1. Count charges around residue 184 for me, please; just the other residues with Cβ under 11 Å from its Cβ, Lys/Arg as +1, Asp/Glu as -1.
2. What percent does the relative contact order of the chain come to when contacts are Cα pairs within less than 8 Å and at least six residues apart?
3. For residue 39, what charge total do you get from the other residues with a beta carbon under 12 Å from its beta carbon, if Lys and Arg give +1 and Asp and Glu give -1?
4. Pop the C-beta distance of residue 277 and residue 105 into the FRET formula with R0 = 51 Å and round what comes out to the nearest 0.05.
5. Taking only DSSP H segments of four or more residues, each worth -39500 (n - 2.57), what value at 222 nm results for the chain once the sum is divided by all its residues, to the nearest 500 deg cm²/dmol?
6. Return the lysines within reach of residue 217: Cα separation strictly under 17 angstrom, same-chain partners fewer than 8 residues apart disregarded; answer none if there are no such residues.
7. Could you name the aspartates and glutamates in cross-link range of residue 254, using Cα to Cα under 18 Å and dropping any fewer than eight places away on the same chain?
8. From the backbone phi of region 27-38, what are the Karplus-calculated ³J(HN,Hα) couplings (6.51 cos²θ - 1.76 cosθ + 1.60, θ = phi - 60°) in whole Hz, Gly and Pro given as x?
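Nothing in this text is a laboratory measurement; each read-out follows from the coordinates by a stated rule. Remember, it's a predicted structure, so these values are computed and weren't measured experimentally. All Cβ positions, even for glycine, are placed from backbone atoms using ideal geometry, and neighbour counts span all protein chains on display.
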Amino acid sequence: MTSRLVLAIETSCDDTAAAVVRDGREAVSSVIAAQAIHRDFGGVVPELASRAHLDLLGPTVDRALAEARVRLDEVDALAVTRGPGLLGSLVVGVAYAKALALAADKPLVGVNHVESHLWAPVLDGTEPPVPFVGVALSGGHTEFVLVRGFGDYALRGATRDDAAGEAFDKVGKLLGLGFPGGPAIDRLAAGGDPAAFALPRAMLDSGDYDVSFSGLKTAVRRLVGERTPPFEERWLADVCASFQAALVETLCAKILRLTADSGARAVVVGGGVACNRELRAALAAGCGRLGVPAIFPAPRWCTDNAAMIGVVGARRLARGAPSGADLEPVASLEETGFAQTVAGPAS
Ligand code: KG4
Ligand code: ZN
């Protein structure tokens with residue numbers, strides 16, 4: 001049986017988040033304390049992130065319980081992000097969740113962060129039909145996963161270098177747009193010409209489902225050359241539109257090929273980059289041609305949040321034993337066991 005009320009905690013990167021999830025699908029509350037401090041540094045500073053989690057986590061959990069009008073003793077179980085992510089940040093969440101679970105005598109389950117992005121549509125009331133192609137696109141992730149069922153995953157492709165969000169953020173920095181760069185590029189690109197500059201689309205014919213964005217970033221650096229911000233508005237919009245078009249086209253090509261090859265019944269895209277309007281439009285059109293739905297969670301479930309951790313936590317608890325007191329955070333996707341359990345023969 002699904003735990004009725006799960007208190008979920010997420011601290012894998014720079015957002016301190018807690019949520020109360022009912023029946024593995026409804027976010028009764030979802031609180032996110034974004035750490036503004038990283039903006040001043042143009043990126044996430046791991047040491048600052050873990051220290052801020054220490055300060056913010058207690059109040060964030062209290063608020064999530066208060067907004068849900070639930071006391072800790074009324075919660076059935078706890079779920080916490082185990083990895084992948086920044087180790088120092090994960091340690092804070094896992095240690096806190098363990099202590100809370102012990103004190104309240106509740107079961108605790110460790111959750112894979114990437115897996116939780118793929119099931120985020122559940123929070124909007126959408127249960128994706130399996131098999132589906134699950135895509136995680138964020139500042140730290142670019143993974144293409146064939147989801148055959150809950151807990152049954154095959155990692156089919158990934159980035160060879162920069163994550164998609166990392167590419168947005170690095171280009172945003174080059175263009176003097178601040179951090180994170182994705183939302184600003186999305187906005188500026190809407191007024192630019194995507195054909196203004198011919199930028200590389202790497203690995204389109206590589207015959208696999210991997211992508212690479214470092215060449216694209218280098219090409220933008222060359223365009224910027226010796227210029228210094230602030231840049232002329234028209235030029236800036238054209239660079240943003242051209243960069244975004246190259247990145248979106250590359251992503252869509254690989255995602256759609258995997259979808260067609262695997263006979264998937266839907267495509268689910270999660271992570272902050274799933275907020276990108278051009279990506280949403282292009283993928284929806286491509287999926288339309290294949291006759292499968294492109295499922296994007298609402299923007300607040302695309303970016304990091306604890307409700308998606310609660311969804312997967314509840315399902316894990318329904319299927320087996322909770323994690324023991326020996327639950328430890330793990331930094332890389334490989335260490336979480338996700339890639340191993342999943343790598344199957346190419347279809
Ligand atoms: O999932 P997320 O909140 O945090 C992690 O990185 O785990 O994703 C943040 C990333 C950043 O790289 C940000 O630039 C990107 O998502 N992002 C976007 C957009 N909104 C956020 N990228 C492109 N277009 C957007 N609209
Ligand atoms: Zn994430």
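1. Numbers: positive: 173, 187; negative: 169, 186.
Charge balance in the 11 Å sphere: 0.
2. Values: 791 pairs, mean separation 86.9, N = 347.
Value for the chain: 25 percent.
3. Values: positive: 173; negative: 14, 40, 169.
Here the count lands on -2.
4. 0.65
5. Working: 11 runs with 144 residues, N = 347.
Theoretical 222 nm ellipticity from helices: -13000 deg cm²/dmol.
6. 170, 173
7. Once the sequence-local aspartates and glutamates are set aside, what remains near residue 254 is 143, 161, 162, 205, 208, 210, 278.
8. Once rounded to whole Hz, the list reads 7, 6, 8, 8, 10, 10, 9, 6, 8, 5, 3, 5.
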